[in-house]
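Structure, as structure tokens:
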Amino acid sequence: LSVFLKDITKQKSTKLKLVKNSRFYYFISQFNQMNVYSSNNISLYREACKIAVNIGHFKMAWVGIINEKSHDLEPLVFDGNEQGYLTSIKVKADQSEPEGRGPSGLSVSFGKSVICNDIETDPKMALWKEEALKRNFLSNIALPIKKFGKVIGVFTLYTDTKNFFDEEEILLLEGATRIIS
């Protein structure tokens, strides 16, 4: 009796990566088309969230706009498994306040992407961790939305996978966010 074993872990990992990459490229192509057909910012942001959830397979996506008086990041549109999340949390666009030190607030403050690949253990998500984990949000990324070089809001995406975002996905998502900016 002979038994042959072959480790296919690397093959499976490569296959999953290829599936994920093809989904991301389709996602980006839909973003490009969306930009051509959207008539105003709100419809553009709404469509971006819809594409992120339906094509990008994110659990939830939202766009928050800075309220200049209160410095709150006010949810404008969202799509996906929100389940009251956005009404149960408060996010500021000012890092001097605790509510401004999460991924979305920091993204607005610094004008760059902020990634949280493990919501459960990342200190940036301490204030929002409990509400996020209730909805099985395990990773997120916040991407600044800019108009004429000035940050006006944030596009935040959530996944149900820890360590979801790698360098390639981050670059693609930053490109997609430039489209809606």
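Residues of the stretch 103-133 with backbone nitrogen within less than 16 Å of a virtual label 7 Å along the Cα-to-Cβ line of Asp94, please, listed as ranges.
Flagged as within label range: 105-106, 108-110.
Figure the gain on full extension for Asn40 and Tyr26 (residue separation times 0.36 nm, minus the Cα-Cα span) and round it to one decimal in nm.
Going from the current span to full extension adds 2.7 nm.
Sequence gap at least 6, Cα distance under 8 Å: using those rules, report the relative contact order of the stretch 46-112 to the nearest whole percent.
Computed value for the stretch 46-112: 23 percent relative contact order.
For the stretch 60-136, what does the alpha-carbon gyration tensor say about shape, rounded, prolate or oblate, given a ≥ b ≥ c as the root eigenvalues, a/c under 1.5 as rounded, and a/b over b/c as prolate?
Working: a/c = 1.64, a/b = 1.18, b/c = 1.39.
Oblate.
Computed over the Cα atoms of the stretch 35-102, what is the convex hull's projected area averaged over all directions, in nm²?
On the way: hull surface 21.4 nm².
Spelled out: convex hull of the Cα atoms, projected over all directions, averaged, 5.4 nm².
In nanometres, what is the gap between the two model label sites at Phe110 and His57, each 7 Å from Cα along Cα-to-Cβ?
My value for the distance between the label points is 2.9 nm.
What percentages, rounded to whole numbers, describe P(r) for the stretch 81-181 computed over all alpha carbon pairs with 5 Å bin width beginning at zero?
With 5 Å bins starting at 0, P(r) equals 2, 15, 24, 25, 20, 12, 2, 0.
Label points 7 Å out from Cα along the Cβ direction at Glu130 and Asn81: separation in nm?
With each label placed 7 Å out from Cα toward Cβ, I get 2.1 nm.
Given a 1.4 angstrom probe, I'd like the percentage of the accessible area of the stretch 53-133 that is carbon and sulfur, rounded to a whole number.
49
What ranking of Glu99, Glu120, Glu169 comes out by heavy-atom accessible area, probe 1.4 Å, highest first?
Solvent-accessible surface, decreasing: Glu120, Glu99, Glu169.
The values are calculated or read from the model by the stated rules, or taken from the named source; none is laboratory data. Small disclaimer: the values here were computed from a predicted structure and weren't measured. Because the Cβ atoms are built from the backbone with ideal geometry, glycine has one as well, and the counts that use them run over all protein chains shown. Areas reflect the complete protein model, heavy atoms only, side chains present, ligands, DNA and RNA absent. Shrake-Rupley method; radii C 1.70, N 1.55, O 1.52, S 1.80 Å.
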